[in-house]
Amino acid sequence: MDYTLLNSIDSPADLRRLPRTELRRVADELRAYVLESVSRTGGHLGSNLGAVELTVALHYVFNTPEDRLVWDVGHQTYPHKVLTGRRERMSGLRQLGGISGFPRRDESPYDTFGTGHSSTSISAAHGMAMAAKLKGENRKAVAIIGDGSMTAGMAFEALNNAGVAHGGLLGDVLVILNDNDMSISPPVGALNKYLARLMSGSFYAAAREGAKSVLKNTPLYEFARKFEEHTKGMVVPGTIFEEFGFNYVGPIDGHDLDALIPTLENLRDKKGPQFLHIVTKKGAGYKLAEADPVKYHAASGKFDPAVGFVKPATPPKTTFTQVFGDWLCDMAEADPRLVGITPAMREGSGMVEFHKRFPQRYHDVGIAEQHSVTFAAGLACEGIKPVVAIYSTFLQRAYDQMVHDVAIQNLPVLFALDRAGLVGADGATHAGNYDIAYTRCIPNMAVLTPADEDECRQALYTGFLHDGPVTVRYPRGAGMGVVPVKTMTAQPWGKGEIRRKGQRIAILAFGTLLYPALEVAERLDATVANMRFVKPLDAELVAELARTHEALVTVEDGCVMGGAGSAVAEALNAAGLSLPVLQLGLPDEFIEHGDPAKLMSLCGLDAAGIEASIVKRFGAKPTVVRSTAAR
């Protein structure tokens, strides 16, 4: 496609210099450019195609970056990136050294708030709006939030706070609800467009305020207020937002620039909290994505836009997520007490088949991680066996509930932690680097780290049988290709196993790093233990290895600080054993997006890196002098 007009835009200032009649062409070129870019790099697709006109309108109407745009989640910001000087960098999207797939403050002044998880935009925009008031600055803050993100309590906490004055100050914040569920009736059309422009305009506002001043302190005032509220509520679903203190406008067609721009201009010039409800279509402008928005939510890699996503010629390896999904169905068949819970990640967590087969035992609670955990606790109190399928990085949002509602009461809730360790292109916001450290410190909590696909199935079964809270962590993607055994067998509780006997050095592997550890051990003639459990740690095995080796090496795909290696060091200290311990894991920094294998190599956690670290510390054949306490 010819991108002549788009190529002339290097910043929103260039966009704002164009006549409004050119904006439709800008949107068409921008949509085509985003589709072409994602087809070459992979990344989120449907959400970005659906936000093209909104992005154009926002940068056209508002004086960005002086006016702040806060994108919820941020997986719909590719058009925003293209219009804000990063058009040529889209070829490196989500790749090591390239631009992020989410907003990042250190990437551009137009990325006013870093995101990656949902439901934070209203809180952040409210903070920015209040800061402007405190500093005497005349600027706007705009939060763009999707209908899915509105399922989280945090969004409503922010609305509740932003709609009231604090010390006489009321922030000039605009919340835009990007509703792509197409569930509002009627969502678009001439009547809605007319009402939206009318209610956002100065005449309507002046008339409303004038009527209030005339009727105030008269018996008719309350009647008029109720009449306005309920009449408006019959036309638009805005009463709840009005009750929060926002002026509600909409719903309007989010792809209609002739409706969007004048409405945004009206709202831009208003003071106080404003709420605009727009209706968009995921994948808009790309027929394949419009027809199947779930499938085209994101592209894992390159594809031909003319053909769409196609199945690979050779079937891919079974992923850990698929292993979990299969186990969940098998376990539910065997135990009617099992209930599966997900916070809005049915596809991502591998629960599609479970949902089909056991609809009454499947619960998608929306983007409400905190609720998902306490809901599970309530089920467990009544003899149900809940399984919470949740990404490692998402469980961080429900930490308090995990401690107070599950662990203190020692309830049998199984947490299936997908995306443990580095996740690749999604970067730091989605990496599950910290779950070992933040779960093992909680009393009553067990932490299992299966090494491959079969161990994952058996670890899930083992954890499900345990009468207490358990986390089973596994990475994104496939493992070594170890076919899971259909028969479910409980692993010995809290016990590891020796996988290779060697000399001098013992490598204690937690999780999938067992396999590179075995590779290294062959070259260094080291012992390798598959530890399986971080908690309860096999302290007897640790002590045995300490007494029979000159040094220990721990390897894990989680943070070193407070991780499994720390658990080993604590066990040695408790046993009065002293010998060198090399702890290998993820460094104390937020790790960039990029190819997972490359990132692991950069972190020294591939076979070559593990070997290099061991040789650097101990030499090829360590001759460490052990202390008396170790003998």
Burial-style ranking of 159-171, 417-429, 125-137, average other-beta-carbon count within 10 Å with highest first, yields 417-429, 125-137, 159-171
The alpha-carbon center of segment 128-181 and that of segment 406-421 are separated, in whole Å, by 33
Taking Lys and Arg as +1 and Asp and Glu as -1, residues besides Asn433 with C-beta under 13 Å from its C-beta add up to -4
The answer for Leu582, listing residues at least 5 apart or on another chain whose modeled amide H is closer than 5 Å to its amide H, is Leu552, Val553, Thr554
Computed from the beta carbon distance with a Förster radius of 30 Å, FRET efficiency for Ala165 and Asn63 to the nearest 0.05 stands at 0.75
Between the Cα axis of helix 121-135 and the main Cα principal axis of the chain, the angle (0 to 90°, nearest 10) is 60
Which of [x] 27.5; [y] 30.1; [z] 26.8 is the computed Kirkwood radius over Cα pairs in Å? It is [z]
Beyond 25 Å (Cα-Cα) in this structure, taken from Lys495/Lys616; Lys140/Lys281; Lys295/Lys317; Lys317/Lys616; Lys295/Lys598, we find Lys495/Lys616; Lys140/Lys281; Lys317/Lys616; Lys295/Lys598
Packing-ranked peptide list from 597-606, 500-509, 335-344, highest mean Cβ count within 10 angstrom first, is 500-509, 335-344, 597-606
Per its Cα gyration tensor (rounded if a/c is under 1.5, else prolate when a/b beats b/c, else oblate), segment 497-630 is best filed as prolate
Surrounding charge for Tyr33, neighbours by C-beta under 13 angstrom, Lys/Arg +1, Asp/Glu -1, total +2
For 479-485, 521-527, ranked highest to lowest by mean beta-carbon neighbours within 10 Å, the order is 521-527, 479-485
Net charge (Lys, Arg +1; Asp, Glu -1) of residues whose beta-carbon lies under 12 Å from that of Thr374, Thr374 excluded, is -3
If one compares the long axis through the Cα atoms of helix 190-200 with the longest principal axis of the Cα atoms of the chain, the angle in degrees, nearest 10, works out at 90
For segment 554-570, in residue order, the Karplus 3J(HN,Hα) values (coefficients 6.51, -1.76, 1.60; θ = phi - 60°; whole Hz; Gly and Pro = x) are 9, 10, 7, 9, x, 5, 5, 5, x, x, 5, x, 5, 5, 5, 4, 5
Note, segment 45-54: 3J(HN,Hα) by Karplus (6.51, -1.76, 1.60, θ = phi - 60°), whole Hz, Gly/Pro = x, goes 10, x, 5, 6, 4, x, 10, 5, 5, 4
For Lys356, counting only aspartates and glutamates whose alpha-carbon sits under 19 Å away and dropping same-chain residues fewer than eight positions off, the answer is Asp292, Asp326, Asp330, Glu333, Asp335, Glu347, Asp364
If one compares the long axis through the Cα atoms of helix 514-524 with the longest principal axis of the Cα atoms of the chain, the angle in degrees, nearest 10, works out at 40
Once the in-chain neighbours fewer than 8 apart are removed, the aspartates and glutamates whose Cα is under 12 Å from Lys302 read Glu36
Amide H proximity to Arg499 below 5 Å, modelled H, separation 5+ or other chain, gives Val528, Ala529, Asn530
One quarter of the C-alpha convex hull surface, i.e. the mean projected area of segment 320-473 in nm², amounts to 7.9
Residues whose built amide H sits under 5 Å from the amide H of Lys385, excluding neighbours closer than 5 in sequence, are Leu338, Val339
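No lab work stands behind these numbers, since they all come straight from the coordinates. Worth saying up front: this structure is predicted, and the values here are computed from it rather than measured. Ideal geometry is used to build each Cβ from the backbone, glycine not excepted, and the neighbour counts take in all protein chains shown.
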